[in-house]
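**Q** Dropping a structure here in C-alpha cells format, bear with me for questions.
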Amino acid sequence: MDENRTKEQIHSHADAVQRGDFDAVIADFTEELRAQAPQLTQTLPQPVTAASVVNIDFGDEECVALIHYAGNVKEITVRSHWREVDGRPLIFDAEPVE
C-alpha cells in the first residue's frame, strides 16, 4: 500500500462523513461492504459535527484506521480496515470500538 495516498484517503473519508457526503463515503467501501452501509451509518452521531483520525497502523497488505466521530450528544470511534483494490485504498471492514 502507498502510505501517503492511503493516509490522504482516510482523512478525506473522515471529512466526507463530517460533511454528510455519503456518496463519497460509500465510494470508499468495497463492493461487499456497501451492503452494510445503512447499519454502519446508524452507529454514527446524527449529525456528525467533527471527525478526526486518531491512529493509522500499516501492515503489509492492509492498514487499520481509528476515526473518532462526534455529534451534539453522541461520540463514537470506528475501526476501519483498508486495503488496495484496483489501485485505490478501500474499506473492507469497519466496526465501532467499545
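The values are calculated or read from the model by the stated rules, or taken from the named source; none is laboratory data. Please read all numbers here as calculations on a predicted model, not as lab measurements. In this analysis, Cβ positions are derived from the backbone assuming ideal geometry, glycine residues included, and neighbour counts consider all displayed protein chains.
**Q** Would you confirm, using the coordinates I've provided, whether residue 53 is surrounded by 13 or more Cβ atoms within 10 Å (Cβ to Cβ), modelled with pLDDT of 95 or more and assigned to a strand (DSSP E or B)? Please lay out each step first, then the result.
**A** On the way: surrounded by 13 or more Cβ atoms within 10 Å (Cβ to Cβ): yes; modelled with pLDDT of 95 or more: yes; assigned to a strand (DSSP E or B): yes.
Yes.
**Q** In the stretch 73-92, what count of residues is obtained for those that are in contact (Cβ under 8 Å) with a residue 60 or more places away in the chain and hydroxyl-bearing (Ser, Thr, Tyr)? Steps first, answer last, please.
**A** Looking only at the stretch 73-92, we keep the residues that are in contact (Cβ under 8 Å) with a residue 60 or more places away in the chain, and these are 80, 82-84, 88-92.
Now narrow it down to the ones that are hydroxyl-bearing (Ser, Thr, Tyr): 80.
So the count comes out to 1.
**Q** When you scan the stretch 32-70, how many residues do you find that are touching a Ser or Thr at 6+ places or on another chain (Cβ under 9 Å) and farther than 19 Å from residue 88 by Cβ?
**A** Taking the stretch 32-70 and keeping what is touching a Ser or Thr at 6+ places or on another chain (Cβ under 9 Å), we get 54, 56, 58, 63-70.
From the residues that got through so far, the ones that are farther than 19 Å from residue 88 by Cβ too are 54, 66, 68-70.
Qualifying residue count for the region: 5.
**Q** Ok, one more. For the stretch 23-79, which positions are more than 18 Å from residue 7 (Cβ to Cβ) and of a type in the set (A, V, I, L, M)?
**A** Scanning the stretch 23-79 gives 26, 33, 35, 37, 40, 44, 48, 50, 70, 73, 76.
**Q** Sticking with this one: Inspect all residues belonging to the stretch 72-94 and state whether any of them is farther than 17 Å from residue 8 by Cα, surrounded by 12 or more Cβ atoms within 10 Å (Cβ to Cβ) and of a type in the set (S, T, N, Q).
**A** Checked the stretch 72-94: at least one residue is farther than 17 Å from residue 8 by Cα, surrounded by 12 or more Cβ atoms within 10 Å (Cβ to Cβ) and of a type in the set (S, T, N, Q).
**Q** Within the set of pairs 6+ apart or on separate chains, which have a first residue in the stretch 12-36 that is in contact (Cβ under 8 Å) with a residue 60 or more places away in the chain, a second that is part of a helix (DSSP H, G or I), and C-beta atoms under 6 Å apart?
**A** So the pair list comes out as 28/13.
**Q** Tell me, which helices (runs of 4 or more DSSP H) lie completely within the stretch 5-49 with 1 or more residues that are among the small types (Gly, Ala, Ser) and at pLDDT 95 or above?
**A** Details: elements: 22-27, 31-34, 37-42.
Per the criteria, 22-27.
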